[in-house]
Every structure is written in C-alpha cells, then in structure tokens.
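The values are calculated or read from the model by the stated rules, or taken from the named source; none is laboratory data. Note that the structure is predicted; figures quoted are calculated from it, not measured. Every residue, glycine as well, gets a Cβ built from its backbone with ideal geometry; the counts of neighbours run over all protein chains shown. Surface accessibility is based on the protein's heavy atoms, side chains included, excluding ligands, DNA and RNA. Shrake-Rupley method; radii C 1.70, N 1.55, O 1.52, S 1.80 Å.
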Amino acid sequence: EAGVAQSPRYKIIEKRQSVAFWCNPISGHATLYWYQQILGQGPKLLIQFQNNGVVDDSQLPKDRFSAERLKGVDSTLKIQPAKLEDSAVYLCASSLDFYSNQPQHFGDGTRLSIL
Amino acid sequence: GENVEQHPSTLSVQEGDSAVIKCTYSDSASNYFPWYKQELGKGPQLIIDIRSNVGEKKDQRIAVTLNKTAKHFSLHITETQPEDSAVYFCAVGGTSYDKVIFGPGTSLSVIP
C-alpha cells in the first residue's frame, strides 16, 4: 500500500511570511494527524481530524496556524505569519480510525526553516 | 496531562550486544504503548506496540515489556546491528481518541 505522502520536503521562508504544507493519507484511513517535531524532541500533536471533522486542536496555535481536511482525504496545514520558533519538521500521520488505538503511519515530513 | 519520560537519551552499544530503552508515564488510565524508530530524514516508523492487557510482546529481535503497576515499559533489542542505529521514541496513549504522547527520544548508535 502507498504510504502517507507529504509535500514539499523542504521549505525556507522569512519570518512573517506564510507557508502551506500538504498531506495525502493512506487510502481508507479516516484519522489524520499533524505533528510538529522540533530538532531533538519527540513529535508534538498539533491537530487531529476524524474524516473532515476536528477531534483535537488543543495544541494548535490558532492565532497563526490553521488546518483543513476537505472531503475527508487530503489535508493542508498553514502558518501565517511564521515566527522563528516555527522552524521544525511538520509530520503528517494517518490511522484507520480513532476507536481502538490503531497504529499511526507517518509521512517523511516537511522541514521548515525560518530565516 | 500525560507526562512521558524516556531514558537514556543516548545509547551506544557494540554490534551484537543488547540495547534497552525505558519509558515512564504518569496517567494510570493509559492503555496503549507503541515504539517508533526514526531514521535521519524520515518519519517515525512503528516497530512494535503493546496494550495494557499484555505484559510482554516479542517480534524477532525486538521485545517490549510493560509494568502497569509501576507505570513503565521498556524496549529490548537483541543482537543489535548497525542498521538499528536511529532515534527511538516511546509513546503513550489510549485515553483520548487515539491521541498518543511521545517521549523525548533515545539516539541509539550500534558500533560495528
């Protein structure tokens, strides 16, 4: 089966600019997650979708971050405006559903550098 | 909220030796404990997971043991190989919509 696809792989922007990341989960996976992974740390959940509805966005900095999952498949994560502390790898993951601790499958992430 | 600690932060072993990484957690209601391996430039990959109704699980050279009373679980890798070199993350979940909290990671180096 095809894995989780993410693009772009790398992005360099200046602070206060905007940026968007795209994720295509594994076919048939209802649950989609966006994580932020700062260098040397474990992934931190930003937002979790079940189909096209938000399940958990408690850790999403909503003044600058937004995410959507139209039609319950692909998802985009946007940062506007970016700050220096947003430099990180943004990982997308998907799982079958959230009812029974299904394993999460990760993409290879987008590495964001803020100048 | 849940607090996950992981030790050691770095670990070097000789090829063929065993490696053990330990994680502790705080929420006694947690019931799902996966381990992920992350290679440079890649996303985390699930290598083994265990649920709270099981005390131990093994898959070839990898095993996980769980002590729910003490709230800790460990990853055991036997007969280590250079390709085992990576960062390993434990995670804890099961209390909220499949949300898992990741530990800070252990960088494992296997020296040929």
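Observations on the model:
- When every residue of region A:18-29 is checked against the conditions, at least one turns out to be in contact with a strand residue (DSSP E or B) (Cβ under 6 Å, 6 or more places away or on another chain) and at pLDDT below 95.
- Filtered residue count, region B:29-54, keeping only those that are open to solvent by less than 40 Å² (accessible area, probe 1.4 Å) and of a type in the set (A, V, I, L, M, F, W, C): 5
- For the criterion of being among the aliphatic types (A, V, I, L, M) and under 28 Å from residue A:25 (Cα atoms), residue B:87 passes.
- Qualifying positions in region A:63-115 - under 13 Å from the mean Cα position of the chain (by Cα), more than 17 Å from residue A:5 (Cβ to Cβ) and basic (Lys, Arg): A:78
- Some residue of region B:13-24 being modelled with pLDDT of 95 or more, within 14 Å of chain A (Cβ to nearest Cβ) and not in a strand (DSSP E or B): no
- Scanning region B:81-103 for residues that are under 19 Å from residue B:40 (Cβ atoms), in contact with a Ser or Thr (Cβ under 7 Å, 6 or more places away or on another chain) and surrounded by fewer than 22 Cβ atoms within 10 Å (Cβ to Cβ) gives B:85, B:87.
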